[in-house]
Amino acid sequence: MNRISEVGEEAVKMGYSYIALTDHAQKLKIAGGMTLEEIEKRQREIDRINEESTGFTVLSGVELNIDNEGKVDYDEEILKRFDVAIASIHTGFGQSEE
């Protein structure tokens, strides 16, 4: 697994000015879902990289699962920590169409 800084360095070589890192949220353990502790650790690394970088930004993202009740993995306070949030159905296939 590459460190975030290594991924950023490769992105700069490719001419990108930013990247977005998105990992699965906590409920989707089969895909390596992030715990709150892992989120904090990753965010500290992203913040450090962004503070040291000029002309390049790492965005913090999460891929959320929509469950049968239409709810996602994290509450609003945790979601505010991310720059990007993707929500899709991984396990909530029993929802009504409404």
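Bear in mind that the values in this text are calculations on the coordinates, not laboratory data. Everything numeric here is computed off the predicted structure, so don't read it as measured data. Positions of Cβ are generated from backbone atoms using ideal geometry, with glycine treated the same way; all protein chains shown enter the neighbour counts.
Points to keep in mind about this one:
- Protection proxy ranking, peptides 74-85, 53-64, average beta carbon neighbours within 10 Å, highest first: 53-64, 74-85
- Sequence-distant residues sharing a close amide H with Leu59 (under 5 Å, placed H): Ile19, Ala20, Leu21
- If you sort the three axes of the alpha carbon gyration tensor as a ≥ b ≥ c, you get a/c of 1.5 or more for region 35-92 and a/b above b/c, which makes it prolate.
- By the compact-protein rule of thumb, 2.2 N^0.38 Å, the alpha-carbon radius of gyration of region 1-80 corresponds to a ratio of 1.21.
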